[in-house]
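I have placed the structure first, in the form of structure tokens, so that the comments after it can refer back to it.
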Amino acid sequence: MKSYWQCVGGGCPDAGGPSWLLFFEDQRYLFNCGEGLQRACGEHHLKWSRISTIFLTKLDWECMGGLPGLICTMADALNEQLGEGDEMPVPKLRIVGPPNTAHVLAAMRPFLHRSNFALEVIECTQNGQLCHYDHNLTVTAHFQKADDQEAEVAAKRPRLSSLSPAQVLT
């Protein structure tokens, strides 16, 4: 079984963090969905129609800023392909992520709702939990704690609320 990885978007200033596509003959798996992903896919002539599962490594804008737009684009493109009155099973996109992924997507529900497209959300809550399994791929959850040095640096970082407007602008 042939497979390969491709980095889509490299975390440049005008886009989110890097997203990775894992290609198999019959499916695509997306790891993170940063802002600008659709543009990057268009630039590299990558089709997202075969993406069956999206894995989110964390719930922040860098990792999921492009998700609402991608979901809407995938659903709307499918609607155009099927046409009016075509009877087909409703396709499903699986989104696998950390705790509270379902809450984040529920908050986007008014914007994301498409009757011809279903979302299945799987939250990984424990180390070693089997999050996804199919004939191509097995994914288990492994959580990382920030080490003491990272926590110390974050604690010393100034907060916007404690800065004057002149300090924020410099």
task = Could you work out the local net charge near P98, counting Lys and Arg as +1, Asp and Glu as -1, over the other residues with Cβ closer than 11 Å to its Cβ?
result = -1
request  = Can you send over the solvent-accessible area of D60, 1.4 Å probe, protein chains only, in Å² to the nearest 10?
outcome  = 50 Å²
note = Net charge (Lys, Arg +1; Asp, Glu -1) of residues whose beta-carbon lies under 15 Å from that of R50, R50 excluded, is +2
query = Quick one: ranking E120, E43 by accessible area, 1.4 Å probe, largest first, what do you get?
reply = E43, E120
task = Mind checking the full-extension length gain between H135 and F111? Use 0.36 nm per residue of separation minus the Cα-Cα distance, one decimal, nm.
result = 5.4 nm
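The values are calculated or read from the model by the stated rules, or taken from the named source; none is laboratory data. Treat the numbers as computed from the prediction; the structure is a model and nothing was measured. Glycine gets a Cβ as well: all are built from the backbone with ideal geometry, and neighbour counts include every protein chain shown. Just the protein is used for accessible areas: all its heavy atoms, side chains included, with ligands, DNA and RNA removed. Shrake-Rupley method; radii C 1.70, N 1.55, O 1.52, S 1.80 Å.
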